[in-house]
Amino acid sequence: MTFADPTLRLTQQQYATIIGSCYDGLPYEACGLLLGPMTDAVATGVITGAVPCRNAAESAVVYTVDGRDYLKAARLAEARGDEIVGVWHSHTHTDAYPSATDVRQAADPGWLYVIVSLRDQAPTLRAYRVRDGAIAEIAVVLDR
């Protein structure tokens, strides 16, 4: 499997959905799933949908995507001819950088992992690839 580090491309609406869901999730970490195309089981960086999910862990330090929400997102992706290509979650009091727990829980080396820090006055959104325990930051571009 070849991994190229793509650019994560979000629309303004997708960005607003992600940031809004992170604030809506307080005091817990929020989470959601990213939909889009994959090539050879690797996310291309193009995002066609951002689906907020319930944090089944109900925790300020970890997240677990609710199984029913995962199934709903998977069905939506399939109906669009896309796949689940990544996940986002918030860090309520720390940087937008993967924690040791985030790295251990990284489900798929082809996915994109988006973290939104709510620590400061303005939210910070950053994106990563996580594979074999290695973290690589990727660029984020907001499209119209």
Q) Any idea how many residues of the stretch 15-34 are crowded, with 23+ Cβ neighbours inside 10 Å and touching a Gly at 6+ places or on another chain (Cβ under 8 Å)? A) 4
**Q.** All positions within the stretch 54-72 that are within 19 Å of Leu125 (Cβ to Cβ) and within 16 Å of the chain's Cα centre (by Cα)
**A.** Asn55, Tyr63, Val65
Q) Looking at this structure, is Ile115 under 17 Å from Ile18 (Cβ atoms), touching a His at 6+ places or on another chain (Cβ under 7 Å) and not charged (D, E, K, R)? A) yes
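One line per residue, one yes/no per condition, for (1) within 19 Å of Gln13 (Cβ to Cβ); (2) in contact with a strand residue (DSSP E or B) (Cβ under 8 Å, 6 or more places away or on another chain); (3) surrounded by fewer than 14 Cβ atoms within 10 Å (Cβ to Cβ):
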residue	(1), (2), (3)
Gly45	yes, yes, no
Val62	no, no, no
Arg75	no, no, yes
His89	no, yes, no
**Q.** Test: Val85 is under 15 Å from the mean Cα position of the chain (by Cα), surrounded by fewer than 19 Cβ atoms within 10 Å (Cβ to Cβ), hydrophobic (A, V, I, L, M, F, W, C) and under 21 Å from Arg131 (Cβ atoms)
**A.** no
(Q) Can you list residue pairs whose Cβ atoms sit under 8 Å apart, with the first residue in the stretch 79-95 being more than 14 Å from Val61 (Cβ to Cβ) and the second being acidic (Asp, Glu) and in a loop (DSSP other than H, G, I, E, B)? Count only pairs 6 or more apart in sequence or on different chains. (A) none
Q: Collect the residues in the stretch 11-59 that are hydrophobic (A, V, I, L, M, F, W, C), within 24 Å of Gly81 (Cα to Cα) and in a loop (DSSP other than H, G, I, E, B), keeping them in residue-number order.
A: Ala41, Ile47
Q | Every residue from the stretch 60-92 that is more than 12 Å from Ala50 (Cα to Cα), part of a strand (DSSP E or B) and β-branched (Val, Ile, Thr) | A | Val65
Q: Those residues that are of a type in the set (A, V, I, L, M, F, W, C) and in contact with a Pro (Cβ under 6 Å, 6 or more places away or on another chain), I need them from the stretch 1-45; list them, please.
A: Ile19
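Laboratory data are not the source of any read-out in this text; all were calculated from the coordinates shown. Bear in mind that the values here come from a model prediction, so they are computed numbers and not experimental data. Glycine gets a Cβ as well: all are built from the backbone with ideal geometry, and neighbour counts include every protein chain shown.
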